[in-house]
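Engineer: Sharing a structure here in structure tokens format.
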Protein chains: 4
Amino acid sequence: MSLTYGTHEVRIYYEDTDHSGVVYHANYIKYYERAREHLLGPEKLVALWEDQGVGFVVTKVELNYKLGARFGDVLEIRTTPSLNSKYRISFDQQVWRKNDPSGKALVLGKVEMVCLDRDNKLVEIPQQVQDELQSKFGMKV
Amino acid sequence: MSLTYGTHEVRIYYEDTDHSGVVYHANYIKYYERAREHLLGPEKLVALWEDQGVGFVVTKVELNYKLGARFGDVLEIRTTPSLNSKYRISFDQQVWRKNDPSGKALVLGKVEMVCLDRDNKLVEIPQQVQDELQSKFGMKV
Amino acid sequence: MSLTYGTHEVRIYYEDTDHSGVVYHANYIKYYERAREHLLGPEKLVALWEDQGVGFVVTKVELNYKLGARFGDVLEIRTTPSLNSKYRISFDQQVWRKNDPSGKALVLGKVEMVCLDRDNKLVEIPQQVQDELQSKFGMKV
Amino acid sequence: MSLTYGTHEVRIYYEDTDHSGVVYHANYIKYYERAREHLLGPEKLVALWEDQGVGFVVTKVELNYKLGARFGDVLEIRTTPSLNSKYRISFDQQVWRKNDPSGKALVLGKVEMVCLDRDNKLVEIPQQVQDELQSKFGMKV
């Protein structure tokens, strides 16, 4: 059986907030990136970059802000990947407050990525990444 | 005659880049915010916040990344506002490299904002902001 | 028996690095802040702020950069607090790479903090914070 | 006659502040970097990096925080360089509020830098940088 989404925990520090009292809106994109890296495995991403010169690059971001997170909050980023083609992955990414009985998403988002080689040329999503996402999330191209 | 878009210049420093060699993708949202603030007038925004307790809040962001900016680049953010209703402004925001004869946009984006009062209640876009945008950009609700 | 230092783990993401290939030098101050918050307890800091209106403010930072951290590194921040007076805490904070047999510190630093109330007036370090640091680290004023 | 210090203007946006209402303390290090780059000339720094593979690296930072800057503030960074040796420059860097009759510095700081080549080996401060700083600020090693 496959997962519906992967989860990644993010704690909100001073650095994350702005003077309006909530998390600065650009920062959710950082949390999304952290969550995706843990989904794929940071060591594997480093190895892909260093050994094969292949890196993931964001091509599209969509964000819908519903509620603001605050200093001290612990957020849960829920990430569902899907392979659009051999060249393009998209990630549905939601931000929830952890242990929050009210149960509302704070931010809804979608991120599309491609893989580039050292010369910035588009390459296929590495087979090992495709395989792993398929075994974890049951995805097919 | 009214403007097509407002421009704001952004210089790329070390802080803006990441180890892939180009500007970190979340940072364009910061440049967008700076450009919008200069469009509306930072002093007016401060006054709105301090005197009337009205602040602008981002509800939606869409970004399409085309080309990466690099350390030392000087970018031009081109911002075209439009009033969707008395409660919602949207901004078409593009990132171009300044003095670049090749003439391609680096990032295309769209940002939607609303106004909230001190209790986080939705309020109308202040009339003075509506008037100013209309006189500069010829917008009508 | 008391601890010599508290430890806090930090993983290095794209957002942390700059185009020179290593972590951007200002970011270590963020990691220091995260480490101090975990030393004192984020929930307690939130409660201090919300219930008593008391917040910690940095008055001094000293940093010595020895080696650069890279994308994918897992760092360990080692923090040793000391109470200089009833009004001033200082933190010796070092950055090490985790599971690194070469055993060299990447960054050495020192941070001084005071407590302010809602009117930005200097107040004593809350007794509960003093007590906890003393019980964990054997500190005395 | 030579200058006492170079000035660089920084405007404070949402991104710069934190939930305490003032500028997040790590961000002043960013403003310091921007000010140093403009002192030396961003184009020259880019050329040094691309043509000669020589980059400036921060080895030491000291900061004393006196007063907090706020959203909408326009700050003036005042930078006085001095050549400690052929291998080491230090910069005295102060943060002032622009057009502020009360006339108090917000942050006092000192930054030391060295030059590294592409292999991270210490090299002399490039002669052209030494010459320029000497002609502008009357410095001698």
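The values are calculated or read from the model by the stated rules, or taken from the named source; none is laboratory data. In this text, all values refer to a predicted model and were calculated from it rather than measured experimentally. Glycine gets a Cβ as well: all are built from the backbone with ideal geometry, and neighbour counts include every protein chain shown. Keep in mind that these areas ignore ligands, DNA and RNA; they rest on the heavy atoms of the full protein, side chains included. Shrake-Rupley method; radii C 1.70, N 1.55, O 1.52, S 1.80 Å.
Engineer: So D:Ala69 ticks every box in (1) under 16 Å from the mean Cα position of the chain (by Cα); (2) at pLDDT 95 or above; (3) small (Gly, Ala, Ser) but one. Which box is left unticked?
Structural biologist: Every condition holds for D:Ala69 apart from (1).
Engineer: Give me the residue from region B:21-65 that is among the small types (Gly, Ala, Ser) and within 13 Å of the chain's Cα centre (by Cα) and, out of that set, farthest from A:Val23 (Cα to Cα).
Structural biologist: Going through the qualifying residues, I end up with B:Gly41.
Engineer: If you don't mind, there's one more thing I want to ask. With the checklist (1) away from every other protein chain (no Cβ under 12 Å); (2) open to solvent by less than 40 Å² (accessible area, probe 1.4 Å) in hand, flag the one item D:Gln94 doesn't pass.
Structural biologist: Failing condition for D:Gln94: (2).
Engineer: Is at least one residue of region D:41-55 away from chain B (no Cβ under 12 Å) and under 20 Å from C:Leu63 (Cα atoms)? Lay out the reasoning, then the answer.
Structural biologist: So the first thing to find is which residues in region D:41-55 are away from chain B (no Cβ under 12 Å), and the list is D:51-54.
Still in the list and also under 20 Å from C:Leu63 (Cα atoms): none.
Scanning region D:41-55 turns up no residue that is away from chain B (no Cβ under 12 Å) and under 20 Å from C:Leu63 (Cα atoms).
Engineer: Identify all residues within region A:98-118 that are at pLDDT 90 or above and surrounded by fewer than 12 Cβ atoms within 10 Å (Cβ to Cβ); write none if there are none.
Structural biologist: Matches in region A:98-118: A:Lys104, A:Arg118.
Engineer: Also, quick follow-up: D:Ile29: among the hydrophobic types (A, V, I, L, M, F, W, C), within 14 Å of chain A (Cβ to nearest Cβ) and crowded, with 23+ Cβ neighbours inside 10 Å, yes or no?
Structural biologist: When the stated conditions are applied, D:Ile29 passes them.
Engineer: A follow-up question, please. For region C:119-126, indicate whether the set of residues that are hydrophobic (A, V, I, L, M, F, W, C), open to solvent by less than 20 Å² (accessible area, probe 1.4 Å) and either touching a Ser or Thr at 6+ places or on another chain (Cβ under 6 Å) or over 17 Å from C:Ala47 (Cα atoms) (or both) is non-empty.
Structural biologist: Looking through region C:119-126, none of the residues is hydrophobic (A, V, I, L, M, F, W, C), open to solvent by less than 20 Å² (accessible area, probe 1.4 Å) and either touching a Ser or Thr at 6+ places or on another chain (Cβ under 6 Å) or over 17 Å from C:Ala47 (Cα atoms) (or both).
Engineer: Collect the residues in region A:1-12 that are at pLDDT 95 or above and open to solvent by 40 Å² or more (accessible area, probe 1.4 Å), keeping them in residue-number order.
Structural biologist: A:Thr7, A:Glu9, A:Arg11
Engineer: OK, next. Consider C:Lys86 carefully, then state whether it is within 24 Å of C:Phe56 (Cβ to Cβ), loosely packed, with under 15 Cβ neighbours inside 10 Å and basic (Lys, Arg).
Structural biologist: Considered against the rule, which asks whether it is within 24 Å of C:Phe56 (Cβ to Cβ), loosely packed, with under 15 Cβ neighbours inside 10 Å and basic (Lys, Arg), C:Lys86 comes out as yes.
Engineer: Which residues, counting only those in region B:13-22, are touching an Asp or Glu at 6+ places or on another chain (Cβ under 9 Å) and either more than 9 Å from chain C (Cβ to nearest Cβ) or hydroxyl-bearing (Ser, Thr, Tyr) (or both)?
Structural biologist: B:Tyr13, B:Tyr14, B:Thr17
Engineer: So if I check each of A:Glu50, A:Glu62, A:Glu15, A:Glu76, which one is in contact with a helix residue (DSSP H, G or I) (Cβ under 7 Å, 6 or more places away or on another chain) and open to solvent by 20 Å² or more (accessible area, probe 1.4 Å)?
Structural biologist: A:Glu15
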